[in-house]
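Trainee: This structure is in structure tokens; I'll ask about it shortly.
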Amino acid sequence: MSKVRTSKKAKAPPRPSRRTRLPGDPDRRETMARMIRVDHAGEYGAVRIYEGQLSVLKGSENRPLIEHMAEQERRHLDAFNTLVPERRVRPTALLPLWHIAGFALGVGTALLGEKAAMACTVAVEEVIDEHYAAQINALDADPDAGEGDLRDTLEKFRLEEVEHKQTALKHGAEDAPGYEVLSGLIKTGSRLAIWLSTRI
């Protein structure tokens, strides 16, 4: 049995110095639109993953735990569902794909067992933590953008994603069969989904 890794208290990334915009970089409006577009897609996918897991783990003792994490993801999605029309952001054209793929990932990992479902949570949340931290750094580097409220929202959501990861580790994620392989595949897929949703 592998031991659950204990991690240091989650803390916000350090505030970077101001970044100079380079030729070819998206302008501030497009940068904000990309952030909201990809975060909306990510939270939508997360909700679908949990819905898939819950459809399989009906009698699981961990079901209330998964339902709690799913409810937090729904609140995240609700926030971006509000921001998308407010900011006139075009949602990613890939939402129908994430609708199917997210649910399938949730079902597939749950069918492998509760520990595999927890391993899925750890892998996805590690990628999302990195992703939100990078966005927060970008906003901190451009204080003139006046996006303090968005920055605070992202930090709140990031900390909740870290909480999900720690919860899943405590409930046996690392004991899932083929943990390293499963985790690596899910992380790769999550990073690809982020790259595609930012641009398409």
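We did not get these values from a lab; they are worked out from the coordinates using the rules stated. Since this is a predicted model, take the numbers as computed values, not measurements. When we count neighbours, we look across all protein chains shown, and the Cβ atoms used for this are built from the backbone with ideal geometry, even at glycine.
Trainee: Tally Lys/Arg at +1 and Asp/Glu at -1 over every other residue whose Cβ is under 11 Å from the Cβ of Met118; what's the total?
Mentor: Residues near Met118 contribute -1 overall.
Trainee: Let me ask something else. About its Cα centre, how strong a charge dipole does the stretch 56-128 have in debye, to the nearest 20, once Lys and Arg get +1 and Asp and Glu get -1 at the Cβ? Walk me through the intermediate numbers first.
Mentor: Working: 8 positive and 9 negative charges, 61 e Å.
My answer is approximately 300 debye.
Trainee: Could I ask something else about it? Using only the alpha carbon atoms of the stretch 112-169, find the Kirkwood hydrodynamic radius as the inverse mean reciprocal pair distance, in angstroms to one decimal. Don't jump to the answer; show the numbers that get you there.
Mentor: Numbers: mean 1/r = 0.0818 Å⁻¹.
Result for the stretch 112-169 stands at 12.2 Å.
Trainee: Let me ask you something else. Stretched out fully, how many nm does the piece from Lys58 to Arg28 gain, at 0.36 nm a residue minus the Cα gap? Before the final figure, lay out each step's value.
Mentor: Values: separation 30, 0.36 × 30 = 10.80 nm, distance 4.51 nm.
Computed gain between Lys58 and Arg28 is 6.3 nm.
Trainee: Read phi for every residue in the stretch 77-88 and hand back ³J(HN,Hα) as whole Hz from Karplus 6.51 cos²θ - 1.76 cosθ + 1.60, θ = phi - 60°, with x for Gly and Pro.
Mentor: These are the phi-based 3J(HN,Hα) values: 4, 4, 4, 6, 5, 7, 5, 4, x, 4, 8, 6 Hz.
Trainee: Let's test this: bin the Cα-Cα distances of the chain at 5 Å from zero up to the farthest pair and state each bin's percent.
Mentor: 1, 7, 16, 20, 20, 15, 10, 6, 3, 1, 0, 0
Trainee: If packing is taken as the mean number of other Cβ atoms within 10 Å per residue, what is the order of 93-106, 117-130, highest first?
Mentor: Working: 93-106: 17.1, 117-130: 24.2.
So the order, starting with the most tightly packed, is 117-130, 93-106.
Trainee: In addition: Express in whole angstrom the spacing between the alpha-carbon centres of the stretch 167-186 and the stretch 35-93.
Mentor: After rounding, the separation between the Cα centres reads 21 Å.
Trainee: Hey, another quick one. Counting only other residues whose beta carbon sits under 13 Å from that of Gln72, what net charge do I get with K and R as +1, D and E as -1?
Mentor: On the way: positive: Arg74, Arg75, Lys156, Arg158, Lys165; negative: Glu43, Glu67, Glu71, Glu73, Asp78, Glu125, Glu160, Glu161, Glu163.
Cβ neighbours under 13 Å give a net charge of -4.
Trainee: Can you work out the Karplus-derived ³J(HN,Hα) for every residue in the stretch 97-111? Use 6.51 cos²θ - 1.76 cosθ + 1.60 with θ = phi - 60°, whole Hz, and x for glycine or proline.
Mentor: 5, 5, 4, 7, 5, x, 4, 4, 5, x, 5, x, 6, 5, 5
Trainee: Let me ask something else about it. In deg cm²/dmol, rounded to 500, what helix-only [θ] at 222 nm does the chain give when every DSSP H run of at least 4 residues adds -39500 (n - 2.57) and the total is split over its residues? Intermediate results must be reported in sequence, preceding the final value.
Mentor: Working: 6 runs with 141 residues, N = 200.
When only DSSP H runs of four or more count, the value is -25000 deg cm²/dmol.
Trainee: Determine the dipole magnitude for the chain: charges of +1 sit on the beta-carbon of Lys and Arg, -1 on that of Asp and Glu, nothing else is charged, the reference point is the Cα centre, and the result goes in debye to the nearest 20.
Mentor: On the way: 30 positive and 30 negative charges, 74 e Å.
Using Cβ point charges on Lys, Arg, Asp and Glu, the chain gives about 360 debye.
Trainee: Then there's this: Through the Karplus equation 6.51 cos²θ - 1.76 cosθ + 1.60, θ set to phi - 60°, convert the phi angles of the stretch 117-131 into ³J(HN,Hα) values in whole Hz; use x for Gly and Pro.
Mentor: Rounded to whole hertz, the list is 4, 5, 4, 4, 4, 4, 4, 5, 5, 4, 5, 5, 4, 4, 5.
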